[in-house]
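Structure first, commentary second.
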Amino acid sequence: TDRYAVMGNPIAHSKSPRIHALFAAQTGQDLVYEAILVEPGGFAAAADAFRAAGGRGLNITVPFKQDAWVYADRLSARAERAGAVNTLVFGTDDVLGDNTDGLGLVNDLERNLGCSIAERRVLVLGAGGAVRGVLQPLLAAAPASLTIANRTAATAAELALMFGDLGRVYGGGLDILDGKRFDLVINATAAGLTDEVPPLPDDLLADGAWCYDMVYGDRPTAFVRWAHAHGAAHAVDGLGMLVEQAAGSFRLWRGVEPATAPVLAALRAG
Ligand code: ATR
């Protein structure tokens, strides 16, 4: 039986053990997956210990994705650029770091929800680690433009510069949104964690617009409620992204593709 785990802090409420157990049952893979609480500053030691005990791979969540990026011996191109790693693969001679968050977001939007990104005006709210993790796959989906708006203008402008070679990327403060309209708005601010929404113009959404909250919850999130109140045609939370990023990790570790729809349905059912 191969061992995997997710490391983070906090970790008690992580849905990853359940998701990977469902993937394993569905594909007949012999593995166990646990959640491990790691103290700040303790990531490398915890990862070393897990590997020494025969662990085959890890998922990494807040606040250790940058530590995992440093820890990896080798990085995928998308992880390199993201500056963050959510998946470690323990090989016989080295440790590969990858990041499946962006792929998870794009797969949930395009495959599961039928929201095409190509040629759409896309707005990303926030400019933290969660945003860096998804920009390359989002830009690879060829939006007409990608605007990053953040409470702190400078960090959004910096991200726009860093990713500007991959497409038409703009960045700035929330004030750059005045008078603009978007077809797809993705919330990646930590404001959602406290059930708040950044201050947004009332006429932000184009006809038929999609709103996607990278946060998820048992009730509609603050951003999903904002979206419905401001004319969004579709507003969804990020539970599907969570399942899709997990599927990306599972594929890297096991070389098989799990079906995500039944797993998402099981999570939605509680
Ligand atoms: P994460 O890894 O989740 O992205 P982060 O790197 O701390 O976490 O980034 C948090 C993001 O949420 C930032 O874009 C932050 O804005 P600032 O760069 O201005 O700090 C944004 N954020 C957090 N709380 C917010 C709030 N109450 N309103 C608006 N934006 C908020």
Which listed residue is modelled with pLDDT of 95 or more, closer than 28 Å to Ala142 by Cα, outside any helix (DSSP H, G or I) and out of contact with any strand residue (DSSP E or B) (no Cβ under 6 Å at 6 or more places or on another chain), from Gly114, Gly102, Gly41, Gly97: Gly114
Which fully enclosed strands (runs of 3 or more DSSP E) of region 140-256 have 2 or more residues being away from the ligand (no atom under 12 Å from the Cβ), touching a strand residue (DSSP E or B) at 6+ places or on another chain (Cβ under 9 Å) and more than 17 Å from Asp108 (Cα to Cα)? 145-150, 169-173, 205-213
Looking at region 59-69, can you tell me whether even one residue there is outside any strand (DSSP E or B), modelled with pLDDT of 95 or more, closer than 30 Å to Ala209 by Cβ and not small (Gly, Ala, Ser)? yes
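Could you list, in sequence order, all residues of region 117-129 that are among the small types (Gly, Ala, Ser) and in contact with a strand residue (DSSP E or B) (Cβ under 9 Å, 6 or more places away or on another chain)?
From region 117-129, those among the small types (Gly, Ala, Ser) are 118, 126-129; that's our starting set.
If the condition is that a residue be among the small types (Gly, Ala, Ser) and in contact with a strand residue (DSSP E or B) (Cβ under 9 Å, 6 or more places away or on another chain), then Gly126, Ala127, Gly128 are the ones that fit.
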What are the residues in region 214-267 that are in the same structural domain as Val197 (by TED's automatic domain parsing) and of a type in the set (Lys, Arg), if any? Arg219, Arg225
Single residue of region 52-86 satisfying the filter (more than 16 Å from the ligand (Cβ to nearest atom) and within 21 Å of Ser14 (Cα to Cα)) that is farthest from the chain's Cα centre (by Cα): Gly55
So for region 236-256 (the condition being over 20 Å from Cys115 (Cα atoms), hydroxyl-bearing (Ser, Thr, Tyr) and in contact (Cβ under 8 Å) with a residue 40 or more places away in the chain), does at least one residue qualify? yes
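Quick one: which of Pro137, Pro143 is touching a residue at least 40 places away in the same chain (Cβ under 8 Å) and more than 15 Å from the chain's Cα centre (by Cα)? Break it down stepwise before answering.
Working: Pro137 fails: more than 15 Å from the chain's Cα centre (by Cα).
When all the criteria are applied, what remains is Pro143.
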Scan Ala79, Ala35 and give me the residue that is surrounded by 19 or more Cβ atoms within 10 Å (Cβ to Cβ), touching an Asp or Glu at 6+ places or on another chain (Cβ under 6 Å) and not in a loop (DSSP other than H, G, I, E, B). Ala79
For region 115-132, state whether one or more residues are farther than 16 Å from Gly83 by Cβ and loosely packed, with under 15 Cβ neighbours inside 10 Å. yes
Among the residues of region 34-50, is any within 15 Å of the ligand (Cβ to nearest atom), among the aliphatic types (A, V, I, L, M) and over 16 Å from Leu252 (Cα atoms)? no
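The values are calculated or read from the model by the stated rules, or taken from the named source; none is laboratory data. Just so it is clear, the model here is predicted, and its values are computed rather than measured. Because the Cβ atoms are built from the backbone with ideal geometry, glycine has one as well, and the counts that use them run over all protein chains shown.
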